[in-house]
């Protein structure tokens with residue numbers, strides 16, 4: 001479970017925040033809100049997202065809607081106070097808050113109490129955070145209001161503070177008036193030992209000695225405020241920085257730290273404890289070393305229709321927790337169908353309880369009842385049992401099949417820590433690995449795992465990876481790369497397909513020149529590694545998260561999306577300087593490899609343009625030399641080859657139509673003269689060729705007209721009797737209409753093509 005947080009954002013909304021300064025196109029407030037929106041939306045993204053929730057009939061019963069909503073909130077964690085936020089504005093036109101009746105708290109607005117923020121709260125807050133028409137308002141009074149909010153929200157029943165990370169973040173330009181008469185009491189409250197509060201202050205255009213920035217022609221009042229605020233924040237052990245530095249830091253993706261959950265808790269045993277007394281049992285826990293970080297997945301929603309009167313699950317929880325007023329959740333329903341025994345052309349629904357498991361045996365389904373299946377299931381119990389040991393030098397790294405896990409001693413078990421530490425050091429000194437049998441849960445299939453010792457100054461653990469069984473091994477044989485073997489057994493080391501010495505040397509020089517291990521420079525100007533793993537972030541993961549946060553606060557679709565941060569695209573291409581430095585090595589490699597430009601392929605499928613037709617090597621047209629006319633006659637005894645040869649020599653669309661008509665007539669003859677199903681195979685093959693050729697020639701309409709007419713004649717019995725069986729074969733082979741997905745020149749949509757197969 002993530003740590004609890006309570007964060008209050010204090011925003012300066014004074015009149016001076018509406019001005020643009022130092023060549024920026026944004027006002028000071030708009031610039032400040034870049035940081036605030038990023039922090040708020042990032043926190044919202046970490047909250048629990050409920051979806052696909054199911055409640056049993058026992059939980060619903062005869063409950064009222066309010067009771068059902070309460071049950072849903074408890075299940076999905078909407079009442080969890082894990083990430084509380086509040087926004088307080090000072091130098092505002094309005095006065096709203098818990099201390100609005102007291103003197104000294106004028107022009108302070110509490111936009112929300114400390115609570116869990118959701119998207120509707122963010123949308124409402126966007127309309128409230130606007131510059132005011134006054135410069136009156138005290139920052140120290142806003143801090144007092146924020147401290148009171150935090151104390152109220154994070155105190156237990158007896159008034160004792162709960163375990164929360166308390167934080168106040170202030171964004172100001174430092175141009176307002178401040179009452180510093182009570183600073184000592186405020187400092188004491190912030191640094192309270194029982195419940196300290198972290199104080200962060202970001203100043204708009206504040207002087208920064210680290211970066212060397214100093215605002216020119218600074219107002220004396222602002223300069224004085226900067227000194228007071230800096231001393232105040234430092235006395236509170238807080239963080240004093242500039243807004244420019246904070247916004248620059250936003251470009252660096254924030255890594256989510258996840259508290260690991262053990263996937264196994266049990267014993268690491270050496271020997272059979274059930275049979276022998278001389279066994280070793282160590283209480284251990286299994287944690288993942290690394291996990292794949294995946295971008296958030298999108299759910300499917302539909303635009304809400306006002307005519308729909310049904311109530312979605314989102315509205316059950318309440319309007320505050322609905323994802324969007326214009327969207328409605330899509331519900332998925334699965335049905336199972338079988339052929340109706342009374343009418344093969346129709347389907348009938350089957351209840352899931354009536355289904356049985358079947359396993360394919362060839363083309364037949366073999367049914368195995370649940371009682372029989374339980375016989376073959378292995379009955380296992382959780383455990384990590386050592387099977388033996390392996391010399392570290394004899395283990396091939398490619399054998400590891402899974403992600404790595406840590407085997408650690410049980411927490412607060414001193415005896416287990418000492419025993420596992422001794423075992424780890426024994427493996428380390430003997431330079432060997434352990435091989436063990438792992439069962440994480442009851443009746444789960446056993447795994448064979450490798451245990452590798454790892455010793456660091458602050459960590460002693462066993463690294464566990466899964467090993468393959470015999471069936472998991474894939475053994476492939478490849479010819480050698482440095483020689484060729486002839487049929488007679490002779491070895492050839494020089495061949496056009498083998499790299500020569502010049503090519504090998506050129507490649508070696510190019511690889512050495514592209515070395516990144518010393519290309520970068522550290523802070524002291526010394527050579528350093530370029531593209532370190534800790535500096536390379538996943539572009540997909542962080543770009544998707546960036547777009548989600550952006551769209552949450554920018555609903556106008558006409559607003560262009562921001563470019564990805566430079567840090568995400570920095571390593572997508574080799575450094576330009578390095579490419580320039582290695583140009584000579586690349587040229588030498590290109591010459592040694594005899595690289596030649598491959599002519600571009602003709603667009604289409606290779607035979608669509610008559611000018612691009614395959615020609616004889618001589619380049620002569622034999623038919624034209626001999627004076628033969630272009631053949632359009634289809635030979636019924638050599639149907640498919642003659643059809644293809646005819647299409648190869650004709651260019652005119654009318655001639656293509658004549659050839660297709662002749663082919664169609666021959667197909668009809670095959671069907672009409674067929675005795676039972678004897679000629680169906682030849683007819684189907686001819687149809688396939690005709691369909692493919694017309695599609696390739698981008699004349700799908702010729703085929704569509706023919707197949708529509710053929711279907712009508714088949715179902716009407718006009719081709720030598722009842723030929724419905726052939727129609728079912730045509731359906732099964734998908735020899736129907738050519739839609740525009742298959743060929744862009746078709747006027748038939750995918751829906752019309754699917755409808756064509758229905759009788």
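The values are calculated or read from the model by the stated rules, or taken from the named source; none is laboratory data. What you are looking at is a predicted structure, and each value in this text was computed from that prediction instead of being measured. Glycine gets a Cβ as well: all are built from the backbone with ideal geometry, and neighbour counts include every protein chain shown.
The single residue among 711, 729 that is in contact (Cβ under 8 Å) with a residue 12 or more places away in the chain and closer than 17 Å to residue 700 by Cβ turns out to be 711.
Among the residues making up the range 556-586, those that are within 30 Å of residue 502 (Cβ to Cβ) and assigned to a loop (DSSP other than H, G, I, E, B) are 573, 574, 575, 582. Scanning the range 457-475 for residues that are touching a helix residue (DSSP H, G or I) at 6+ places or on another chain (Cβ under 7 Å) and over 15 Å from residue 288 (Cβ atoms) turns up 460, 467, 468.
Is it true that some residue in the range 702-718 is outside any helix (DSSP H, G or I) and buried (at least 21 other Cβ atoms within 10 Å of the Cβ)? The answer is no, given that none of the residues of the range 702-718 is outside any helix (DSSP H, G or I) and buried (at least 21 other Cβ atoms within 10 Å of the Cβ). Look at residue 417 and say whether it is part of a helix (DSSP H, G or I) and either surrounded by 10 or more Cβ atoms within 10 Å (Cβ to Cβ) or modelled with pLDDT under 85 (or both). Yes; evaluated as a whole, the condition is true for this residue. Hey, any hits in the range 652-672 for a residue that's at pLDDT below 85, more than 42 Å from the chain's Cα centre (by Cα) and assigned to a loop (DSSP other than H, G, I, E, B)? Checking the range 652-672: at least one residue is at pLDDT below 85, more than 42 Å from the chain's Cα centre (by Cα) and assigned to a loop (DSSP other than H, G, I, E, B).
For the range 231-240, the set of residues classified as touching a residue at least 12 places away in the same chain (Cβ under 8 Å) and surrounded by fewer than 17 Cβ atoms within 10 Å (Cβ to Cβ) consists of 235, 237, 239, listed by residue number. In the set (1) more than 37 Å from the chain's Cα centre (by Cα); (2) over 16 Å from residue 481 (Cβ atoms); (3) surrounded by fewer than 11 Cβ atoms within 10 Å (Cβ to Cβ), the condition left unmet by residue 501 is number (2). As a summary of the residue check, residue 551 satisfies the conditions (1) at pLDDT below 90; (2) touching a helix residue (DSSP H, G or I) at 6+ places or on another chain (Cβ under 7 Å) except for the one numbered (2).
For beta carbons closer than 9 Å, sequence separation of 6+ or different chains, a first residue in the range 413-442 that is within 30 Å of residue 378 (Cα to Cα) and a second that is part of a helix (DSSP H, G or I), the qualifying pairs are 433/392; 433/427; 434/423; 434/427. Here residue 513 passes the criteria (1) in contact with a strand residue (DSSP E or B) (Cβ under 7 Å, 6 or more places away or on another chain); (2) within 27 Å of residue 589 (Cβ to Cβ) except the one numbered (1). The test for being at pLDDT below 90, in a loop (DSSP other than H, G, I, E, B) and surrounded by fewer than 15 Cβ atoms within 10 Å (Cβ to Cβ) does not hold for residue 248. When you look at residue 336, is it out of contact with any helix residue (DSSP H, G or I) (no Cβ under 8 Å at 6 or more places or on another chain), at pLDDT 85 or above and over 30 Å from residue 538 (Cα atoms), yes or no? Here the answer is no, as residue 336 does not meet what is asked.
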